[in-house]
Every structure is written in C-alpha cells, then in structure tokens.
1. For a quick check of your reading of the model, give me the residue pairs whose first member lies in segment 7-27 and is basic (Lys, Arg), whose second is assigned to a loop (DSSP other than H, G, I, E, B) and surrounded by 11 or more Cβ atoms within 10 Å (Cβ to Cβ), with beta-carbon atoms closer than 9 Å and at least 6 apart or on different chains.
2. Can you name every residue in segment 23-47 that is modelled with pLDDT of 95 or more and of a type in the set (Val, Ile, Thr)?
3. Any chance you could count how many residues in segment 68-79 are surrounded by 11 or more Cβ atoms within 10 Å (Cβ to Cβ) and assigned to a helix (DSSP H, G or I)?
4. State whether the residues of segment 45-67 include one that is free of Cβ contacts under 8 Å to residues at least 60 places away in the same chain, among the acidic types (Asp, Glu) and assigned to a loop (DSSP other than H, G, I, E, B).
5. Suppose we filter segment 17-28 for residues that are buried (at least 18 other Cβ atoms within 10 Å of the Cβ) and either of a type in the set (Ser, Thr, Tyr) or not in a helix (DSSP H, G or I) (or both); how many remain?
6. Kindly indicate which of 6, 50, 20 is of a type in the set (Ser, Thr, Tyr), modelled with pLDDT under 95 and out of contact with any Lys or Arg (no Cβ under 9 Å at 6 or more places or on another chain).
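The values are calculated or read from the model by the stated rules, or taken from the named source; none is laboratory data. Owing to the predicted nature of the structure, the values given are computational and were not obtained by experimental measurement. Please note: Cβ atoms are built from the backbone with ideal geometry, for glycine as well, and neighbour counts cover all protein chains shown.
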Amino acid sequence: MAEHGSIRIMPITGKLLTTSWRIITREHIYQADALQLASCKEEECDIVVSADRRLLHAAMRQKIHGFDPERDEKKLMSL
C-alpha cells in the first residue's frame with residue numbers, strides 16, 4: 001500500500017492528541033481508534049475500513065465513511 005501512496009505515516013502532535021481526546025470523550029472508543037479517526041480527519045481522509053463496528057459507527061458520526069471489509073467487499077472493490 002505504501003508503494004501506491006495509500007499509507008502515510010504521521011507524527012503524533014499535540015493537536016492530534018487533543019482531537020483524539022475529544023473523540024474518546026464523545027464516542028467512548030479506544031485511544032488507538034480515536035487516534036486513527038483524528039489522523040483521518042487531519043489528513044482529510046473520507047474513508048475508514050475496519051471490521052470493528054464501534055469504530056465504524058464513530059467514524060460515521062465524525063463524517064467519515066466507514067466500510068466493513070467482510071460486509072462491504074463489493075463496495076470497496078468499486079472504489
């Protein structure tokens with residue numbers, strides 16, 4: 001994925017941690033999941049792929065489209 005530019009490694013900044021904390025308190029999700037959503041928002045990503053339903057619901061509430069690779073395989077293949 002990195003070869004195709006699909007992955008970007010980001011530094012964890014104070015701003016990212018602050019955004020993560022806000023997501024944690026609103027969504028009641030794990031810190032790592034909140035950091036993923038905060039990173040996604042920071043980079044203006046509009047899609048999250050995960051089999052974790054709680055993360056997908058939190059993503060949708062954050063205005064990020066969520067796809068489950070097990071249930072949404074056809075949708076993902078069409079992107």
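1. Hits for this filter: 26/62.
2. 23, 24, 25, 29 - these are the residues of segment 23-47 that are modelled with pLDDT of 95 or more and of a type in the set (Val, Ile, Thr).
3. Matching residues across segment 68-79 total 3.
4. Within segment 45-67, the first condition is being free of Cβ contacts under 8 Å to residues at least 60 places away in the same chain, and the residues that meet it are 45-67.
Within this subset, residues satisfying the condition of being among the acidic types (Asp, Glu) are 46, 52.
With the extra rule that they be assigned to a loop (DSSP other than H, G, I, E, B), the set shrinks to 46, 52.
There is at least one residue in segment 45-67 that is free of Cβ contacts under 8 Å to residues at least 60 places away in the same chain, among the acidic types (Asp, Glu) and assigned to a loop (DSSP other than H, G, I, E, B).
5. In the first step, residues of segment 17-28 are kept if they are buried (at least 18 other Cβ atoms within 10 Å of the Cβ); the result is 19-20, 23-24, 27.
Those still in the list that are either of a type in the set (Ser, Thr, Tyr) or not in a helix (DSSP H, G or I) (or both) too: 19-20.
Residues flagged as buried (at least 18 other Cβ atoms within 10 Å of the Cβ) and either of a type in the set (Ser, Thr, Tyr) or not in a helix (DSSP H, G or I) (or both) within segment 17-28 amount to 2.
6. Values: 50 fails: modelled with pLDDT under 95; 20 fails: modelled with pLDDT under 95.
It is 6.
A quick yes/no check of all residues on (1) of a type outside the set (Val, Ile, Thr); (2) under 19 Å from residue 6 (Cβ atoms); (3) surrounded by fewer than 17 Cβ atoms within 10 Å (Cβ to Cβ); (4) out of contact with any Ser or Thr (no Cβ under 8 Å at 6 or more places or on another chain):
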residue	(1), (2), (3), (4)
30	yes, no, yes, yes
42	yes, yes, yes, no
47	no, yes, yes, yes
50	yes, yes, yes, yes
57	yes, no, yes, yes
61	yes, no, yes, yes
65	yes, yes, yes, yes
